[in-house]
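The values are calculated or read from the model by the stated rules, or taken from the named source; none is laboratory data. This is a predicted model, so every value here is computed, not measured. We place every Cβ from the backbone using ideal geometry, glycine too, and count neighbours over all the protein chains shown.
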């Protein structure tokens, strides 16, 4: 049987490695085996990484709240823009407004097409053009619009705009929080390596098994080779719980990938055990990484729950 260290590959894995070491260190300061420098770095790094993860969770929560609040405002604004141009086209057909008036709203004067409103940016730009364009049209002698009036349009636009903009702002906050945590990774990875080095150095005179037992208490993870067994499970969507086919799954330490079948099932045949990691990937979803413990020769069921990527 061979055994090697298994470095964490995920945000949660790094957090766990530091939290286990810090908990062990703080529980019995007199028995702290870490160097002064490593101990100080651990206190700072664990707190900063925890704050970074909290910032991401908070930003994601704010984003989903913003999406819910924006949904009816987006629909209302799109509806009133559509009504405005429907009315404008009707008045053009009646000869009450010249077709050339569409140019004030940056629209083609040769057709009746609505402005592009497929994104929040397009929607807000289209609404702003209704207001600015109508000022120019009226200044040139055009008649006042009704059903809706510009006053009615303005009220809806002013109410909807900050709520819709909040979605983009919240999404930017997520990206910023994720980037900030990503920037911590080199320091955190180096810190974890020092923690593990200090632990293994302290217990270097113990037997290999005894050393691993003690080092695990300081967050060190090991993967070993033993009796063949299976790791299996089901891949599903986190919201709909629908099964997901063609999820690419990697068992770290194994040189090939497998795919979930048409029913969302996957299965690894492996001789690896102890501290293992599976990474799952599927287009349109966040990469999923899970660190787990497996016993030698014992089958394990581990379900994979995929979260859709945030799209605005």
If a residue must be under 30 Å from residue 166 (Cα atoms) and either buried (at least 19 other Cβ atoms within 10 Å of the Cβ) or not assigned by TED's automatic domain parsing to the domain that holds residue 158 (or both), how many such residues does the stretch 86-104 contain? 1
Odd one out for residue 227 among (1) over 24 Å from residue 14 (Cα atoms); (2) touching a helix residue (DSSP H, G or I) at 6+ places or on another chain (Cβ under 9 Å); (3) in contact (Cβ under 8 Å) with a residue 24 or more places away in the chain: (2)
Residues within the stretch 246-260 that are in a loop (DSSP other than H, G, I, E, B) and in contact with a strand residue (DSSP E or B) (Cβ under 8 Å, 6 or more places away or on another chain), tallied: 6
Return the only residue of 123, 107, 77 being without any contact (Cβ under 8 Å) to a residue 24 or more places away in the chain, over 30 Å from residue 183 (Cβ atoms) and buried (at least 18 other Cβ atoms within 10 Å of the Cβ). 107
Counted residues in the stretch 284-312 being under 20 Å from the mean Cα position of the chain (by Cα), at pLDDT 95 or above and more than 15 Å from residue 237 (Cβ to Cβ) come to 0
From the list 200, 152, 179, which one is surrounded by fewer than 17 Cβ atoms within 10 Å (Cβ to Cβ), part of a helix (DSSP H, G or I) and free of Cβ contacts under 8 Å to residues at least 60 places away in the same chain? 179
Consider residue 185 carefully, then state whether it is within 26 Å of residue 59 (Cβ to Cβ), out of contact with any strand residue (DSSP E or B) (no Cβ under 6 Å at 6 or more places or on another chain) and modelled with pLDDT under 95. no
Here the residues within the stretch 126-139 that are over 17 Å from residue 83 (Cα atoms) and touching a residue at least 24 places away in the same chain (Cβ under 8 Å) are 136, 137
Filter the stretch 1-25 down to the residues that are at pLDDT 95 or above and out of contact with any helix residue (DSSP H, G or I) (no Cβ under 9 Å at 6 or more places or on another chain) and list them by number. 23
Mind checking whether some residue in the stretch 220-237 is under 29 Å from residue 58 (Cα atoms), crowded, with 19+ Cβ neighbours inside 10 Å and in contact with a strand residue (DSSP E or B) (Cβ under 8 Å, 6 or more places away or on another chain)? yes
Selection count, the stretch 272-300, where residues are surrounded by fewer than 16 Cβ atoms within 10 Å (Cβ to Cβ) and under 19 Å from residue 223 (Cβ atoms): 7
Among the residues of the stretch 28-52, which ones are modelled with pLDDT under 95 and part of a helix (DSSP H, G or I)? 29, 30, 31
How many residues does the stretch 286-305 contain that are touching a residue at least 40 places away in the same chain (Cβ under 8 Å) and either closer than 18 Å to residue 178 by Cα or outside the structural domain of residue 242 (by TED's automatic domain parsing) (or both)? 1
Among the residues of the stretch 1-11 satisfying the criterion of being surrounded by 14 or more Cβ atoms within 10 Å (Cβ to Cβ) and not in a loop (DSSP other than H, G, I, E, B), which is farthest from the chain's Cα centre (by Cα)? 3
